[in-house]
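The values are calculated or read from the model by the stated rules, or taken from the named source; none is laboratory data. Because the structure is predicted, anything quoted here is derived from the model rather than measured. Positions of Cβ are generated from backbone atoms using ideal geometry, with glycine treated the same way; all protein chains shown enter the neighbour counts.
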Amino acid sequence: MATPADVAGFRATQTDLVTLALAELAEWWEQLLTLLTGDVPVAQVEAFTADLVAVYGDAAALAAVDWYDELRDQADVRGRFRAQMADPAPRDQAAAVARWAVGPLFGAQPDQRQALEHLSGGVQRLVLQPARRTIADSVDADPADARWARVPGRADPCAFCRLLASRGATYHSEESAGGMANDYHSKCWCVPTPVWPGEQEPYDVDALLEEYSDARAKAGGDPKAILAQMRLDLGIN
């Protein structure tokens, strides 16, 4: 069974990979702007971003494979299975993120800091994407009836992450998770964590479920209204 320490250790590995990717991005970005004499070469930014998230995304996915297999061995479930490593973020997805991120460079007052901040957030999310997909895909294919839970990545998670974490280990296939559960915002450190029958989630699901239920009782069943109510009730983003 995954413990809070297990999740923290895996998150630390993923954080280290993101840190390396962002350091490489910052160095390249500084060189790009130093040598820039005309318009920003958007195609060059797109290509660099795609290459960067492919390299570090592969490493993140490989770490997720090792983590899944280790937790499964500890769970001592029946049947042989090994985690399925997901592909890095598609190049067209990375390119789209890059195009959006450099938008502040083309305003009336070009903002290099904001553009890099946007691009860094996108890179973080895309580096972690194949690791998260690895867990979800492996749970889907695992014959041992695995589920996954979205374990919050910080002590004060946002309302969106709280809502999804409040459901506990109910996610199985992509269809059962739904589009919302598979969404991760920039700078989100939630960890999809596999849970097998008889195991408990490595965080306080009941406390989050109570927050969600209180907000739903006031706001009704619309997810957007529930999120707004949670933000109001809890004083969070």
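The table below lists the values:
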| item | result |
| --- | --- |
| Checklist (1) over 21 Å from the mean Cα position of the chain (by Cα); (2) at pLDDT 90 or above; (3) part of a loop (DSSP other than H, G, I, E, B) applied to Gly221, failing item | (2) |
| Residue ID - farthest from Gly9 (Cα to Cα), chosen from residues in the stretch 31-53 that are surrounded by fewer than 19 Cβ atoms within 10 Å (Cβ to Cβ) and either basic (Lys, Arg) or at pLDDT 95 or above (or both) | Ala47 |
| Unique residue being within 19 Å of Lys187 (Cβ to Cβ), hydroxyl-bearing (Ser, Thr, Tyr) and in contact (Cβ under 8 Å) with a residue 24 or more places away in the chain when the list is Tyr68, Tyr56 | Tyr56 |
| Condition broken by Val127, with the remaining ones in (1) within 24 Å of Ala5 (Cα to Cα); (2) over 19 Å from the mean Cα position of the chain (by Cα) satisfied | (2) |
| Residues located in the stretch 190-213, provided they are in a loop (DSSP other than H, G, I, E, B) and touching a Ser or Thr at 6+ places or on another chain (Cβ under 9 Å) | Glu201, Pro202, Tyr203 |
| Residues satisfying the stated conditions in the stretch 65-78, i.e. over 18 Å from the mean Cα position of the chain (by Cα) and either crowded, with 17+ Cβ neighbours inside 10 Å or part of a loop (DSSP other than H, G, I, E, B) (or both) | Leu71, Arg72, Ala75, Asp76, Val77, Arg78 |
| Where Glu175 falls short, out of the listed (1) assigned to a helix (DSSP H, G or I); (2) of a type outside the set (Ser, Thr, Tyr); (3) at pLDDT 90 or above | (3) |
